Amino acid sequence: MKKSIFKNPWLPYLLVAPQMIVVLVFFFWPAFDSLRLSVFKTSPFGDIQIFVGLENFTQLLLSPEYYRSVYHSFIFSLGVTFSCLAVSLFLAVLANQKIRGLTFYRSAILWTFGVAPPVAGIIWLFIFHPSYGILSYLLAKITTYEFNWLLKGWVAILLIIFAATWAHLGYNVAFFLAGLQTIPQAVMEAARVDGASGLRLFRWITFPLLSPVTFFLFIMNMVFSFFETFGLIHAVTRGGPGDTTTIMVYKAYVDGFVHLRMGLSAAQSVILMALVITLTVLQFRFTERKVFY
């Protein structure tokens, strides 16, 4: 590998400086401030802070309401991660075929990546609204069951899972498509000569060779579902009905900006961050063994 040599030794540091500043200002600074606020009780205007140690964490760990938000978070995250991976892999395989109008089909699949999660939520709100939504109307006609997510919690959480999956579909398809196009044709031809075809070819050749991409997307989808879906939930269900769609990140917002309990909200942010880091480390520790590089 050719080694790059810069005439000015400070130039590499100058090139990475903007990215480092963004990371420090928008990630490390808020993270450390949340950690600091989590051990304080703060007045609604933020002018008075009283050190309370681990009281905020104790209050959370004794709250059934908080455990419900953790439960809803895992249901939501599992639903979004697995459905998004499965559907996007299926669409990427279709988009990798040599068919007429391929550019149009790929564009139609990938454009959802440009839709912000709150906008995706509003689109699905209109499609699935119990009063005027076309999808809820058709489902009610077919099944004679009223899919009213304003009243039924399980329908509401399915709605936000569908909306989050749809919003993140283009991102996953782009990576899967790139992964499919890097698989050497010689390997595929050799497998066909040995008698593999159809599902067997996909199961034993294509899918294992896509495992690095699948592992990367698994991590990114999990992080997306835990952290980046606040806007979607706020735009559609606002955590309801009841608290059936209140996931951890949304509860942290409600406690901090609606109930003005900043210390409690900061403690939830710290727990959420620790939880996602732990899950990511566990996946690298156990799941990465099954990845073929």
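The values are calculated or read from the model by the stated rules, or taken from the named source; none is laboratory data. All of these numbers come straight from a predicted model, not from anything done at the bench. Using ideal geometry, Cβ is built from the backbone for each residue, glycine included, and neighbour counts are taken over all protein chains shown. Areas reflect the complete protein model, heavy atoms only, side chains present, ligands, DNA and RNA absent. Shrake-Rupley method; radii C 1.70, N 1.55, O 1.52, S 1.80 Å.
From A174, A167, grab the single residue that is of a type outside the set (F, W, Y), touching a Pro at 6+ places or on another chain (Cβ under 9 Å), surrounded by 15 or more Cβ atoms within 10 Å (Cβ to Cβ) and within 30 Å of T206 (Cα to Cα).
Result of the check over A174, A167: A167.
Residues being charged (D, E, K, R) and part of a helix (DSSP H, G or I): count how many of those fall in the range 84-108.
Final tally of qualifying residues: 1.
In this structure, does T278 turn out to be open to solvent by 20 Å² or more (accessible area, probe 1.4 Å), modelled with pLDDT of 90 or more and not basic (K, R)?
Answer is yes for this residue.
State which residue pairs qualify: first residue within 22 Å of V223 (Cα to Cα) and inside the range 117-139, second residue buried (at least 16 other Cβ atoms within 10 Å of the Cβ) and among the hydroxyl-bearing types (S, T, Y) in any location, beta carbons under 8 Å apart, and separation of 6 or more residues or different chains.
That search, which allows pairs on different chains as well, returns P117/T229; A120/T112.
In the range 177-190, which residue that is in a loop (DSSP other than H, G, I, E, B) and not aliphatic (A, V, I, L, M) is least open to solvent (accessible area, probe 1.4 Å)?
Let us first name the residues in the range 177-190 that are in a loop (DSSP other than H, G, I, E, B), namely 182-184.
With not aliphatic (A, V, I, L, M) added as a condition, the list becomes 182, 184.
Numbers: T182: 104, P184: 69 Å².
Applying the filter and picking the extreme gives P184.
If I ask for residues that are part of a helix (DSSP H, G or I), more than 23 Å from L272 (Cα to Cα) and open to solvent by 60 Å² or more (accessible area, probe 1.4 Å), which ones from the range 10-64 would you list?
Those that are part of a helix (DSSP H, G or I), more than 23 Å from L272 (Cα to Cα) and open to solvent by 60 Å² or more (accessible area, probe 1.4 Å): L11, Y13, L14, L15, V16, P18, Q19, M20, I21.
Which one of these is of a type in the set (F, W, Y) and not in a helix (DSSP H, G or I): W149, W111, W166? Before you say what the answer is, go through the steps one by one.
Working: W111 fails: not in a helix (DSSP H, G or I); W166 fails: not in a helix (DSSP H, G or I).
So the residue among W149, W111, W166 that is of a type in the set (F, W, Y) and not in a helix (DSSP H, G or I) is W149.
Determine the pairs where a residue that is aliphatic (A, V, I, L, M), located within the range 99-113, has a partner that is open to solvent by 60 Å² or more (accessible area, probe 1.4 Å) and part of a helix (DSSP H, G or I) with Cβ atoms under 9 Å apart, the partner being 6 or more residues away or on another chain.
I99/Y105; I109/L94
Taking T214 and the conditions (1) under 17 Å from H168 (Cα atoms); (2) among the hydroxyl-bearing types (S, T, Y); (3) part of a loop (DSSP other than H, G, I, E, B), which numbered condition does it fall short on, given that it satisfies the others?
Looking at each condition in turn, T214 falls short on (3).
Among the residues of the range 140-153 satisfying the criterion of being touching a residue at least 60 places away in the same chain (Cβ under 8 Å) and open to solvent by 80 Å² or more (accessible area, probe 1.4 Å), which is farthest from S88 (Cα to Cα)?
Among those that are touching a residue at least 60 places away in the same chain (Cβ under 8 Å) and open to solvent by 80 Å² or more (accessible area, probe 1.4 Å), it is L151.
Given Q185, Q181, which one is over 29 Å from F226 (Cα atoms) and in contact (Cβ under 8 Å) with a residue 40 or more places away in the chain?
Going through Q185, Q181 in turn, the sole match is Q181.
Does Y137 fit the bill of being over 13 Å from I233 (Cβ atoms), outside any helix (DSSP H, G or I) and open to solvent by 30 Å² or more (accessible area, probe 1.4 Å)?
No: the conditions fail for Y137.
For the range 16-69, which residues satisfy the criterion of being over 25 Å from D243 (Cβ atoms), among the aromatic types (F, W, Y) and without any contact (Cβ under 8 Å) to a residue 24 or more places away in the chain?
Answer for the range 16-69, where residues must be over 25 Å from D243 (Cβ atoms), among the aromatic types (F, W, Y) and without any contact (Cβ under 8 Å) to a residue 24 or more places away in the chain: F26, F27, F28, W29, F32, F45, F51.
Going by the conditions given, is R68 at pLDDT 90 or above, of a type in the set (K, R) and within 24 Å of V236 (Cα to Cα)?
yes
Could you go through the range 231-252 and let me know if any residue there is at pLDDT 90 or above, aromatic (F, W, Y), part of a helix (DSSP H, G or I) and in contact with a helix residue (DSSP H, G or I) (Cβ under 6 Å, 6 or more places away or on another chain).
So far as the range 231-252 goes, yes, one or more of its residues are at pLDDT 90 or above, aromatic (F, W, Y), part of a helix (DSSP H, G or I) and in contact with a helix residue (DSSP H, G or I) (Cβ under 6 Å, 6 or more places away or on another chain).
Just the residues that are open to solvent by less than 10 Å² (accessible area, probe 1.4 Å) and in contact with a Leu (Cβ under 8 Å, 6 or more places away or on another chain), please, taken from the range 74-97.
C84, S88, A92, A95
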